[in-house]
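Some notes on the structure that comes next.
The values are calculated or read from the model by the stated rules, or taken from the named source; none is laboratory data. Quantities reported herein were computed from a predicted structural model and do not represent experimental measurements. Here the Cβ positions follow ideal geometry from the backbone for every residue, glycine too, while neighbour counts run over all protein chains shown.
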Amino acid sequence: MTQTAPTDELLFTTDEAGISRLVLNRPQARNALTFAMYQGLVDACERIAQDPSVKALVITGAGDKAFAAGTDIAQFRSFETPEDALGYERFMDRVLGSLERLRVPTIAAIAGACTGGGAAIAAACDLRVATRDARFGFPIARTLGNCLSQGNLKRLSDLIGPARVKDILFTARLVGAEEALAIGLVGEVVADAAALQDRVAALATLLAGHAPLTMQATKEGLRRLAEAEAVAEGAPHPGDDLILMCYMSRDFREGMEAFLGKRAPDWEGR
């Protein structure tokens, strides 16, 4: 087995059967994602794109407590300008787009918490398998007071419909595994972390034995059908005003400091 690690917090391996595995490796922080880890995901996708021996990619979190509990909140403290907010969302579009454009099928193996940026990564994968104790959501309405990009809203809406997206975001609740299965957020639910690894290994092996061009054409064809009209270079992106409204607000700063200080935020709507 070969291994490369963009950081110690993101482990990338590929076995002799052509199955790559990406492990979000910050169990002490519930695998909360740093910007370096997001970039490592992009780098891993680029390596896979250049390696014709790879047949499938599995993404999972270290340990059994979390797939990934969102973006590491402390990193948002450096946000001061509109360019910081818009640059972050453009960066996230590139991260998630690298998964959606990858020629091989991707599987999210989800145990425990799968929230925020972690849930966005899972939603960008082709298939999702979860343990019975998995929980999904974007609880930003009660934590940070920021918003999802247009791309993330569309990705979720395509999976579960706009009414359920509103329900999950407005209530800031976490969706349990059985509900996630019922609404199409995941495709399978298994008993525990051990069963998850066995099932995902079997599923990846199955996919690795199928016609790669059929899967690539299916994946890319569906991506093209779902893709909104391309934004011209340099033109404003739809939803930029909403991103700035949230990320440049007093409430976002308050939400971030309240979260890090383990207290309830004092929302003012400005």
For this session: Residue by residue through segment 131-161, note down the ones that are in contact with a strand residue (DSSP E or B) (Cβ under 8 Å, 6 or more places away or on another chain) and of a type outside the set (Ser, Thr, Tyr).
Result: 132, 134, 135, 136, 137, 138, 139
Exercise. Within segment 22-43, can you find the residues that are more than 15 Å from the chain's Cα centre (by Cα) and within 19 Å of residue 100 (Cα to Cα)?
Worked result: 43
For this session: Would you check if residue 166 is at pLDDT below 95, out of contact with any helix residue (DSSP H, G or I) (no Cβ under 7 Å at 6 or more places or on another chain), surrounded by fewer than 19 Cβ atoms within 10 Å (Cβ to Cβ) and not aromatic (Phe, Trp, Tyr)?
Result: no
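Residue-wise test of (1) over 29 Å from residue 74 (Cα atoms); (2) among the charged types (D, E, K, R).
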| position | (1), (2) |
| --- | --- |
| 15 | yes, yes |
| 19 | yes, no |
| 23 | no, no |
| 28 | no, no |
| 36 | no, no |
| 46 | no, yes |
For this session: Give segment 117-130 a look and list any residue that's surrounded by fewer than 22 Cβ atoms within 10 Å (Cβ to Cβ) and under 12 Å from residue 199 (Cβ atoms), or say none.
Result: 127
Seminar exercise, completed: Within segment 198-228, the residues that are surrounded by fewer than 17 Cβ atoms within 10 Å (Cβ to Cβ) and over 30 Å from residue 150 (Cβ atoms) are 198, 202, 205, 206, 209, 210, 211, 213, 214
Seminar exercise, completed: Checked 23, 54 against criteria (assigned to a strand (DSSP E or B) and closer than 30 Å to residue 205 by Cα); the one match is 23
Problem set entry | Condition met for residue 67 (modelled with pLDDT of 95 or more and within 23 Å of residue 192 (Cβ to Cβ)) | yes
Exercise. Among the residues of segment 69-101 satisfying the criterion of being part of a loop (DSSP other than H, G, I, E, B) and over 17 Å from the mean Cα position of the chain (by Cα), which is nearest to residue 42 (Cα to Cα)?
Worked result: 79
For this session: Can you tell me which residue among 21, 47, 94, 26 is of a type in the set (Lys, Arg) and at pLDDT below 95?
Result: 94
Exercise. When you look at residue 176, is it surrounded by fewer than 18 Cβ atoms within 10 Å (Cβ to Cβ) and at positive phi, yes or no?
Worked result: no
Exercise. Can you tell which of 244, 203 is more than 23 Å from residue 156 (Cα to Cα) and out of contact with any Cys (no Cβ under 7 Å at 6 or more places or on another chain)?
Worked result: 203
Exercise. Out of curiosity, is residue 206 under 20 Å from residue 109 (Cα atoms) and under 17 Å from the mean Cα position of the chain (by Cα)?
Worked result: no
For this session: Residue by residue through segment 102-121, note down the ones that are within 17 Å of residue 243 (Cα to Cα) and part of a helix (DSSP H, G or I).
Result: 117, 120
Exercise. For segment 140-152, how many residues are buried (at least 18 other Cβ atoms within 10 Å of the Cβ) and not in a loop (DSSP other than H, G, I, E, B)?
Worked result: 4
Seminar exercise, completed: Expected single match for out of contact with any Pro (no Cβ under 8 Å at 6 or more places or on another chain), farther than 25 Å from residue 146 by Cβ and of a type in the set (Lys, Arg) among 101, 77, 94 is 101
Exercise. Restricting attention to segment 160-196, which residues are under 21 Å from residue 63 (Cα atoms), in a helix (DSSP H, G or I), more than 17 Å from the chain's Cα centre (by Cα) and of a type in the set (Gly, Ala, Ser)?
Worked result: 193, 194, 195
Seminar exercise, completed: residue 269 passes all but one of the listed conditions (1) within 23 Å of the chain's Cα centre (by Cα); (2) over 25 Å from residue 127 (Cα atoms); (3) at pLDDT 90 or above; (4) not in a helix (DSSP H, G or I); the exception is number (1)
